[in-house]
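Data block below; observations after.
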Amino acid sequence: MYLQAIKQYKEKNGLGTFRPKTVLFDMDGVLYDSMPNHATAWVQAMRDFQIEMTEEDAYLTEGQKGSDTIMQMVLAQQHRAISQEEAARMYDRKAEIFATLPTAPVMPGILTLMREIQQAGWTIGIVTGSAQRPLIQRLADDFGEFVSSDRIVTAYDVARGKPQPDPYLMGMKKCGDVQPWETIVVENAPLGVQAGVAAGAFTIGVSTGILPKQTLAAAGAQVVLDSMTRLAGDFPAFLELLDK
């Protein structure tokens, strides 16, 4: 599976070699099992504004800036364009509800995987579309051993969020100006996968939520797995397949 995916990635991008040295992780649904909470908060918050949003909608739009998601849904359902300021106020309601929900646990397997990546001598970065400062602050507490704060990209760092490539291109810049072909992206959402692919990185989709694996494959992921634990278990063998 991995060998064929690497071969196809090299052919698609006209590469003679593939020697990654940076891994960029999405946050929700990759580092934290937080998407059930986000889905609940989205559905409840949007109901307050007479917007119908389902749990599946929350997963499908994950990774995109929250204000962009709100603006799109208001336009589609209420046929009116709203400002970024109004969208931000609506997003604040979603953040308020999210803060009342139980703390999301660290995703099983992620700490093992980060340790393996660190031992390989690679750099680790985090790229999230989140604008919720408490959750972002938690990254330093849980992953500070592996990721410094200057290698974290949030909604505040880019004008265009996922599925545009900008967040992952910024992540590459923050991780030492690495090139796309030196980068692996790990994502659980179709919009995030699209962003990683658009940025030119080797993109691994991990189906940790309610969306079928085919959704991530259709978005362009080179490899699709069913858990972070599986990726951590596969990583040593994956290293052996890379060009030396």
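The values are calculated or read from the model by the stated rules, or taken from the named source; none is laboratory data. These figures come from a predicted structure and were not determined experimentally. Cβ coordinates were reconstructed from backbone atoms using ideal geometry, including for glycine residues, and neighbour counts include every protein chain displayed. In case anyone asks, the SASA skips ligands and DNA or RNA and just uses the protein heavy atoms, side chains included. Shrake-Rupley method; radii C 1.70, N 1.55, O 1.52, S 1.80 Å.
Can you name the condition, by its number, that I184 falls short on among (1) open to solvent by less than 10 Å² (accessible area, probe 1.4 Å); (2) closer than 13 Å to G63 by Cβ?
Exception for I184: condition (2).
Being of a type outside the set (S, T, Y), open to solvent by 50 Å² or more (accessible area, probe 1.4 Å) and under 20 Å from S67 (Cβ atoms) is the filter here, so list the residues in the stretch 138-169 that pass it.
Selection gives D157, A159, R160, Q164.
Which one of these is out of contact with any strand residue (DSSP E or B) (no Cβ under 8 Å at 6 or more places or on another chain), open to solvent by less than 20 Å² (accessible area, probe 1.4 Å), closer than 24 Å to R151 by Cβ and not charged (D, E, K, R): G66, G125?
G66
Which members of the stretch 35-63 meet the condition of being acidic (D, E) and open to solvent by less than 20 Å² (accessible area, probe 1.4 Å)? Please lay out each step first, then the result.
Taking the stretch 35-63 and keeping what is acidic (D, E), we get 48, 52, 55-57, 62.
Hit for the stretch 35-63 is E62, nothing else.
Kindly list the number of the only condition in (1) open to solvent by 20 Å² or more (accessible area, probe 1.4 Å); (2) over 25 Å from D234 (Cβ atoms); (3) part of a helix (DSSP H, G or I); (4) of a type outside the set (S, T, N, Q) that fails for L135.
Status for L135: all satisfied but (1).
Condition first: within 18 Å of the chain's Cα centre (by Cα) and open to solvent by 10 Å² or more (accessible area, probe 1.4 Å). Now tell me which residues in the stretch 18-34 satisfy that.
Within the stretch 18-34, D28, D33 qualify.
Identify, by number, the condition in (1) closer than 23 Å to E116 by Cα; (2) open to solvent by 50 Å² or more (accessible area, probe 1.4 Å); (3) out of contact with any strand residue (DSSP E or B) (no Cβ under 6 Å at 6 or more places or on another chain) that S207 doesn't meet.
(2)
Any idea which of T123, T61, T112, T100 is touching a Phe, Trp or Tyr at 6+ places or on another chain (Cβ under 9 Å), among the hydroxyl-bearing types (S, T, Y) and modelled with pLDDT of 95 or more?
Numbers: T123 fails: touching a Phe, Trp or Tyr at 6+ places or on another chain (Cβ under 9 Å); T61 fails: modelled with pLDDT of 95 or more; T100 fails: touching a Phe, Trp or Tyr at 6+ places or on another chain (Cβ under 9 Å).
Only one candidate qualifies: T112.
Please pick out the residue among T112, T100 that is more than 22 Å from N188 (Cβ to Cβ) and surrounded by fewer than 20 Cβ atoms within 10 Å (Cβ to Cβ).
Being more than 22 Å from N188 (Cβ to Cβ) and surrounded by fewer than 20 Cβ atoms within 10 Å (Cβ to Cβ) holds for just one of T112, T100, which is T100.
Looking at the stretch 191-202, can you tell me whether even one residue there is over 28 Å from T103 (Cα atoms) and without any contact (Cβ under 8 Å) to a residue 24 or more places away in the chain?
Within the stretch 191-202 (the criterion being over 28 Å from T103 (Cα atoms) and without any contact (Cβ under 8 Å) to a residue 24 or more places away in the chain), the answer is no, since none of the residues qualifies.
Test E85 against the stated conditions and say whether it is out of contact with any His (no Cβ under 9 Å at 6 or more places or on another chain), over 30 Å from Q119 (Cα atoms) and either of a type in the set (S, T, Y) or open to solvent by 30 Å² or more (accessible area, probe 1.4 Å) (or both).
Judged against the criteria, E85 is a match.
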